[in-house]
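Down below is the structure, laid out as structure tokens.
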Ligand code: HEC
Ligand code: HEC
Ligand code: HEC
Ligand code: HEC
Ligand code: HEC
């Protein structure tokens, strides 16, 4: 009798801490440490570029993609961009490009391997605005280090319910 009671208490505690740990994990994801390149969404968007100029694959692939360093250098040269910040950073970008390397940006938005997400489905088929999931980048002046609002399963489900899209476990966990 006493053993069974203890077992029940232990199980309840375990369930409680697992639940708590999952909520903690979702609400306090660690901040990413980005390379020391002062990339600035606000400046690029104010200059008239759109999200898919740089994240072109979002329309056609599961992933959105980030521009290669040669894209940075080529566009600046083509447009003839000159700013004090770029005067300082431009040569650094050219060196990285000349070495055939990439800027090691850390990915901030990521679903675990057991969940499936497709940008094409949400951007091209459902015509959803990027900001619904990524917040307003037109005010963001430094590399992204944390999610605008944690993209938890609850957020996926909330929108799916609202828009009468499937909430079948196997639609996302496949
Ligand atoms: C001039 C190119 C450019 C434009 C235009 C641009 N981005 Fe980006 N974006 C980047 C680069 C480079 C990074 C990686 C550095 C960083 O995090 O800022 C990035 C990172 C991101 C990230 C973080 C990805 C991750 O998980 O690490 C999101 C989300 C994002 N961009 C969304 C957008 C949206 C939405 C728009 C339009 C409102 C947009 N971007 C416009 C170049 C661009
Ligand atoms: C499609 C064109 C395009 C691409 C691609 C692009 N840029 Fe730019 N970039 C611009 C323009 C236009 C400006 C000038 C904005 C302004 O005048 O404020 C600019 C300005 C800058 C500046 C100066 C910002 C400041 O505060 O003065 C930096 C730094 C910069 N870009 C970095 C990058 C990096 C890093 C990448 C690649 C990951 C990149 N850009 C990709 C068009 C581009
Ligand atoms: C319905 C929500 C949603 C919308 C709308 C959405 N994204 Fe995402 N985005 C995500 C999720 C979830 C991830 C993480 C995906 C993963 O781990 O495979 C992500 C990851 C990213 C990344 C980093 C990884 C990658 O795929 O390259 C970038 C950059 C990005 N999104 C940009 C955009 C842009 C630009 C748009 C609009 C054209 C957009 N997203 C629209 C949910 C969304
Ligand atoms: C802001 C609303 C919104 C959010 C947030 C959202 N979705 Fe969706 N999702 C949709 C819509 C609308 C569709 C239907 C697209 C279409 O027309 O095919 C969809 C479709 C899907 C499908 C295809 C479903 C099928 O019928 O097979 C999957 C898988 C999916 N979403 C996964 C996710 C995941 C994973 C997340 C969270 C990381 C997420 N979604 C977040 C709106 C959303
Ligand atoms: C619309 C997409 C979607 C649907 C439907 C969905 N999930 Fe999820 N689920 C996710 C995403 C995305 C994550 C990862 C969330 C995160 O990283 O915080 C997740 C995480 C989980 C986890 C946590 C695993 C971990 O990493 O700790 C479990 C358990 C889970 N889902 C079970 C289910 C079950 C059971 C159902 C059906 C009742 C279901 N899911 C339906 C998208 C979905």
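Derivation of every value follows stated rules applied to the coordinates shown; laboratory data play no part. Quick caveat, the model's predicted, so the values are computed rather than measured. Note that we place each Cβ from the backbone using ideal geometry, even for glycine, and neighbour counts take in every protein chain shown.
Measuring from centroid to centroid over Cα atoms, what is the spacing of the stretch 37-62 and the stretch 129-157 in Å?
Rounded to whole Å, the Cα centres lie 14 Å apart.
How many nm separate the modelled label positions at residue 46 and residue 124, each set 7 Å beyond the Cα in the direction of the Cβ?
In this crude spin-label approximation the distance works out to 3.3 nm.
Give me the log10 of I(q) over I(0) for the stretch 54-174 at q = 0.09, 0.23 Å⁻¹, as the Debye formula computes it from C-alpha points; what are the numbers?
Each listed q maps to, in turn, -0.35, -1.51.
Describe numerically, in nm with one decimal, the distance between label points set 7 Å from Cα along Cα→Cβ at residue 73 and at residue 158.
4.4 nm
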